[in-house]
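This report refers to the structure that appears directly beneath it.
The values are calculated or read from the model by the stated rules, or taken from the named source; none is laboratory data. All values derive from a computational prediction rather than experimental measurement. Here the Cβ positions follow ideal geometry from the backbone for every residue, glycine too, while neighbour counts run over all protein chains shown. Heavy atoms of the whole protein, side chains included, go into the accessibility calculation; ligands, DNA and RNA do not. Shrake-Rupley method; radii C 1.70, N 1.55, O 1.52, S 1.80 Å.
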Amino acid sequence: GPSTESITIEGNGHTITFNQLNSDWSNITTENNAKLIINNAHITNSGYNDGPWNRHDLNFACDVELNDVTTDKAIALKAAGTLKNVTISDANTSDTYAIWIQPNGQTVSVDGCLIDMLDCSDGRGIKIDEQYVGDAVAKVTLNVNDLKVKSQNKAAIMVKSKAGADINIKNID
């Protein structure tokens, strides 16, 4: 409801499947921008799972916090995000970033995570890209601590935004 500030889902090791209702832009969002917190779960989506990131990824349009989560889909963030002990292993057909951040002025923190994109042709790490943002591009702050990236000779972190990014890194492999 309108006074909800956060929604917490305790996964208890189960799978949470977000339904993709069409072929493009199926965003995960909350009413009144409440923060979505998911703990101890495997998350995935159904429906259109091939092709570009906006039809394949788990697209979070709300603030999200993922703790002790695994996923077989890449993650797109339009708002703030905290990923702690998250494993992303995506075998999409090609050219997929494990984490795609739209630069809307938010802070994204990645702590104790594994990005394993070896089963994806041209699988990649993290990208901050202004594509689809329009004129409202704003600098992102990205905090990375204890991240391991497995990819096919691609950059672990790429920034393609005229607003740039503030990136703080501690221990990346």
(request) Using the Kirkwood radius over Cα pairs, work out the Stokes-Einstein diffusion coefficient for the chain at 20 °C and 1.002 mPa s, in µm²/s as a whole number. (result) 134
(request) Within the range 82-173, report the chymotrypsin sites (Phe, Trp or Tyr not before Pro) that DSSP leaves as loop and that have at most 14 other Cβ atoms within 10 Å. (result) 132
(request) Using amide H atoms built 1.01 Å from N in the peptide plane, name the residues 5+ places from residue 70, or on other chains, whose amide H lies under 5 Å from its own. (result) 41, 42, 43, 87
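Given contacts defined as C-alpha pairs under 8 Å and at least six residues apart, what's the relative contact order of the range 51-143, whole-number percent?
With pairs under 8 Å counted, the relative contact order is 26 percent.
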(request) Compute, for residue 9, the solvent-accessible surface of its heavy atoms (probe 1.4 Å) with the complete set of protein chains present, and express it in square angstrom to the nearest 10. (result) 60
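Taking only C-alpha pairs under 8 Å that are 6+ residues apart, what is the relative contact order of the chain in percent?
Here the relative contact order equals 15 percent.
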(request) Would you mind calculating the gained length between residue 40 and residue 107 on full extension (0.36 nm times residue separation, minus the Cα-Cα distance), in nm to one decimal? (result) 21.9 nm
(message) Could you compute Rg(Cα) / (2.2 N^0.38 Å) for the range 115-173, with N its residue count?
(response) 1.22
(request) Report ³J(HN,Hα) in whole Hz for each residue of the range 58-69, in order, from the Karplus equation J = 6.51 cos²θ - 1.76 cosθ + 1.60 where θ = phi - 60°; Gly and Pro get x. (result) 7, 9, 8, 9, 10, 4, 9, 10, 10, 10, 6, 10
(message) Using only the heavy atoms of the protein chains and a 1.4 Å probe, how would 87, 8 rank by accessible area, largest first?
(response) 8, 87
(request) At a 1.4 Å probe radius, which order do 121, 46 fall into by accessible area, largest first? (result) 121, 46
(request) Determine the calculated [θ] at 222 nm for the chain from helices alone, applying -39500 (n - 2.57) to every DSSP H run no shorter than 4 residues and normalising by the residue count; nearest 500 deg cm²/dmol. (result) -500 deg cm²/dmol
